[in-house]
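The values are calculated or read from the model by the stated rules, or taken from the named source; none is laboratory data. Worth saying up front: this structure is predicted, and the values here are computed from it rather than measured. Glycine gets a Cβ as well: all are built from the backbone with ideal geometry, and neighbour counts include every protein chain shown.
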Amino acid sequence: MNNFEFLYPYIFIFLTLILCIYKCPTIIKQIFFPHLHLFGKKSYAIHKEKLLYSLIFALLITALAAPISYDQKESSKRKGRDLVFVLDTSGSMAESGFDKEAPQKQKFTALKELLKSFVSHRYDDNVGVSIFGTFAYGAIPLSYDMKSVTFLLDFFDVGIAGDSTAIGEGLESALKILKQGEAKEKVIILITDGYQNSGATSVKVAVQDAKKIGVKIYPIGLGKAGDFDANLLTLIAKETHAKMFQAKSSQDLVAVYTQLNTLEPSAIRSRHYLNKQERYPFPLALAALLLTYLLLRQKEERL
C-alpha cells in the first residue's frame, strides 16, 4: 500500500508569511520578499502577480517540508535484544542500609527503583523478569512495553518466592522466557545477594543450557565481599562470555547499570521506510517554472 507524508510538517507554519504579501507595510515585506518589483505597479482587486508569488512561496515551503511516498513504515518491526532480569527476592533482600541516601529503605525496594530507570531506557529491546527465592517463576514475559514492565515491578516484594536462594532455578526460568523471543541477541542480568542454597536445578546445568542458545549472563552481586558467592558469579560470567559486577550500595548499582548500557547498548528506535521516494523535486520544479515565467513577463514589460 502506497503512503504519503511530510518529514518536516512544522515547516508549513511559514505559510503564514504569505499574508504579509497583502497586509504588511513595504519595509517589512522587503525583509521576507526582496523581489517586490515582481508584483508590478498596477492595482487589481485580485493581483495576478501577487497570486503567483504566493503560489511560488507555498511550493517552496512544500518542498522544504520534504514530502515522501513509501510502501510501508516498519519501525514497529525492529528487533533489539531479548533481555531478562533475574531478581533475588530471598529474605536477605529485606535488609536496609543498601541506599546510603535512604538507609532505612529495603535493599529490594532500592533495586526496583533503579531497575525501573534502567528499563525505561531500553528503547528497542524486549524485556522480561524472572523472580527467584526458594523457587523461581517467570514473572513478566518479554515485552516492548516498558511502562507495563515498570508498573508490574511494584507487585514484587521480598519473600514472594520464598526466603531461600535458588539461583539455578532462577536462571532456568529466565531461559524459558528467552526461548519465546525472536531476537538474535539474548541476555540475562542476574541480581543476587546470596549463595545457592535451594532448588532442584544446579547453577552449572543452567549455565550449560544458556551456552547452548548463546545467552550471555551478567551477574551482579549485591553487598560486601562474602555477602554473595563471588566465585560462582565470576564463573557464570566467564562461561557465558559476559562480565561479573559487584554493587555495595545503590550508588554502585547505578554505575553498574551505566557499564551494562555500554556493554549491551540499546539501539535507538527510528523509522524505516520501504521503497521510500523523495517527492520534493515536483513542487520545487513547479516553483522554478512559475518564477521563470514572472521574470520573463517583467522583461517583456520593460522592453
Handout entry: Where Val158 falls short, out of the listed (1) farther than 26 Å from Gly199 by Cα; (2) touching a helix residue (DSSP H, G or I) at 6+ places or on another chain (Cβ under 9 Å)
Key = (1)
Practice task
Check the range 63-80 and report whether any residue there is under 30 Å from Pro141 (Cβ atoms), of a type outside the set (S, T, N, Q), modelled with pLDDT of 90 or more and assigned by TED's automatic domain parsing to the domain that holds Gly181.
Solution key: no
Practice task
Can you give me the number of residues within the range 253-302 that are at pLDDT 90 or above, β-branched (Val, Ile, Thr) and loosely packed, with under 15 Cβ neighbours inside 10 Å?
Solution key: 2
Exercise for the section: May I ask you to say which residue of Val119, Val158, Val127 is of a type in the set (A, V, I, L, M, F, W, C) and in contact with a Leu (Cβ under 6 Å, 6 or more places away or on another chain)? Expected result: Val127
Problem - Subset of the range 157-173 [closer than 18 Å to Leu232 by Cα and either of a type in the set (A, V, I, L, M, F, W, C) or touching a residue at least 40 places away in the same chain (Cβ under 8 Å) (or both)] - result: Ser164, Thr165, Ala166, Ile167, Gly170, Leu171
Exercise for the section: Answer yes or no: is there a residue in the range 221-241 that is surrounded by 13 or more Cβ atoms within 10 Å (Cβ to Cβ), modelled with pLDDT under 90 and out of contact with any helix residue (DSSP H, G or I) (no Cβ under 7 Å at 6 or more places or on another chain). Expected result: no
Handout entry: Subset of the range 141-151 that is part of a strand (DSSP E or B) and touching a residue at least 24 places away in the same chain (Cβ under 8 Å) - its residue that is surrounded by the fewest Cβ atoms within 10 Å (Cβ to Cβ)
Key = Pro141
Problem - Filter result for Ala183 (touching a strand residue (DSSP E or B) at 6+ places or on another chain (Cβ under 6 Å) and modelled with pLDDT of 95 or more) - result: no
Problem - Search result, residues across the range 107-131 that are touching a strand residue (DSSP E or B) at 6+ places or on another chain (Cβ under 6 Å) and either surrounded by fewer than 22 Cβ atoms within 10 Å (Cβ to Cβ) or within 17 Å of Gly194 (Cα to Cα) (or both) - result: Val119, Ser130, Ile131
Exercise for the section: Under 6 Å between Cβ atoms, at least 6 apart or on separate chains: pull out the pairs that start in the range 213-235 with a residue that is of a type in the set (Val, Ile, Thr) and end on any residue that is surrounded by 15 or more Cβ atoms within 10 Å (Cβ to Cβ) and assigned to a loop (DSSP other than H, G, I, E, B). Expected result: Ile217/Thr240; Ile217/Ala242; Thr234/Met244
Exercise for the section: Could you check, for the range 191-201, whether at least one of its residues is surrounded by 14 or more Cβ atoms within 10 Å (Cβ to Cβ), under 25 Å from His241 (Cα atoms), among the hydroxyl-bearing types (Ser, Thr, Tyr) and modelled with pLDDT under 95? Expected result: yes
